[in-house]
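Working notes for the structure below.
The values are calculated or read from the model by the stated rules, or taken from the named source; none is laboratory data. Remember, predicted model here, so these are calculated numbers, not experimental data. Cβ: placed from backbone, ideal geometry, glycine included. Neighbour counts: every protein chain shown.
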Amino acid sequence: MKRGILSFLVLCISLVTGLSADILLDEPPLKKGEILLFKDHAYPNSFYYISTEIRVASGPDNRPKVSFFKLKDQEVALSFFLTQGLTPEKLSRIRKDLAEESPETLLKGPVSFLKGNYFVFNRINGKFELWAEGKAPLFPNQEVVITKRLKEPLEPNIVAVFVMEYEGITQKINARLSVNWDEVYIQREMVEKTNWTAVEIKQSLAELKESGAILLEVTGDHGDLTQVWDITSKHLIHQMFEVQEITMNGSAALGAEFGVDAQNIIYTFRKEKKSGSYQVDFNRRFRDKRQIVLVSEIGDAIKEAIDQ
């Protein structure tokens with residue numbers, strides 16, 4: 001009995017360890033077919049992956065989980081299950097291909113998502129109609145069911161969008177950030193604005209940096225100084241603004257499909273004003289979050305399932 005409990009605890013620890021893996025955020029992922037490979041920050045030959053494909057889930061008989069019922073008045077009910085992640089067969093094939101290309105490469109497992117939203121659209125004559133939205137599955141091959149009542153004839157040109165958030169570790173930076181709060185507030189008070197977007201804040205901080213109200217001194221060898229500024233400016237944003245996240249809607253997801261920032265976040269100046277000089281030294285790695293937008297056309301798979 002004790003041996004069984006011990007085995008169970010070892011399994012749980014292994015799962016938690018796998019889920020808490022730290023990927024390196026500052027290097028672009030490698031694309032291998034339908035997956036993106038993210039390097040482990042501590043082991044350069046070890047990788048975690050994200051499958052970029054959203055697909056219609058299959059049942060134990062390998063048939064697509066799609067249901068189609070005719071109702072009255074030329075209405076139909078369409079139901080299908082969506083999932084994201086590699087099938088065991090695809091994962092096995094990818095591991096084999098990687099081993100042949102680079103025997104020292106180790107594929108540890110999937111990147112863990114912190115949260116996510118799904119959006120399902122039907123595209124007709126170039127226009128998108130939002131069919132469904134909700135919380136996206138966070139684990140590989142976890143499923144979500146979509147049900148929609150429609151009028152015949154049925155022409156499902158369906159697009160699935162998953163907007164997912166994950167986290168990892170940045171490069172180690174050595175920098176000093178200095179702020180003249182009095183100058184910052186003098187310049188910002190000239191702008192009568194309550195709510196700010198991420199783009200507006202980025203532009204404003206760049207102007208303050210150019211004016212000398214904000215100084216960034218970088219020491220050491222950093223390949224991309226833009227990344228150093230991004231990391232340090234996030235610290236500054238949380239000093240200056242209250243952050244409120246708004247539930248994403250279908251319009252934001254459509255924007256995400258075409259490369260627009262899909263996060264609906266409102267920034268508001270903190271009520272308490274800071275004064276004098278502020279200085280902070282950065283000499284470490286930072287944990288940060290990133291967002292990825294997955295988009296797949298699933299209409300053909302649904303049509304094929306209906307016609308079977």
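Condition check ((1) within 13 Å of THR83 (Cα to Cα); (2) in contact (Cβ under 8 Å) with a residue 40 or more places away in the chain) across all residues:
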| position | (1), (2) |
| --- | --- |
| PHE113 | no, yes |
| PHE119 | yes, yes |
| ILE124 | no, no |
| PHE128 | no, yes |
| TRP131 | no, no |
| GLY134 | no, no |
| LEU138 | yes, no |
| GLU143 | yes, yes |
| LYS148 | no, yes |
How many residues of the stretch 34-52 are in a loop (DSSP other than H, G, I, E, B) and crowded, with 17+ Cβ neighbours inside 10 Å? The answer is 2
Considering only residues that are touching a helix residue (DSSP H, G or I) at 6+ places or on another chain (Cβ under 8 Å) and within 22 Å of PRO88 (Cβ to Cβ), look in the stretch 20-33 and name the one that is surrounded by the fewest Cβ atoms within 10 Å (Cβ to Cβ). GLY33
Which numbered condition SER92 fails, given (1) of a type outside the set (Phe, Trp, Tyr); (2) surrounded by 13 or more Cβ atoms within 10 Å (Cβ to Cβ); (3) modelled with pLDDT of 90 or more: (2)
For the stretch 299-307, does any single residue satisfy the condition of being modelled with pLDDT under 85 and touching a Leu at 6+ places or on another chain (Cβ under 8 Å)? yes
Residue among LEU19, LEU36, LEU25 that alone is modelled with pLDDT under 90 and either over 23 Å from ILE173 (Cβ atoms) or basic (Lys, Arg) (or both): LEU19
Given the criterion at pLDDT 90 or above and either among the aromatic types (Phe, Trp, Tyr) or outside the structural domain of ALA301 (by TED's automatic domain parsing) (or both), identify the matching residue among PHE121, PHE81, PHE69. PHE81
Specify the residue that is farthest from the chain's Cα centre (by Cα); the eligible residues are those in the stretch 107-132 that are of a type in the set (Gly, Ala, Ser) and over 16 Å from ILE302 (Cβ atoms). GLY126
Pick from ASN141, ASN122: which is surrounded by 15 or more Cβ atoms within 10 Å (Cβ to Cβ) and under 23 Å from GLY33 (Cβ atoms)? ASN141
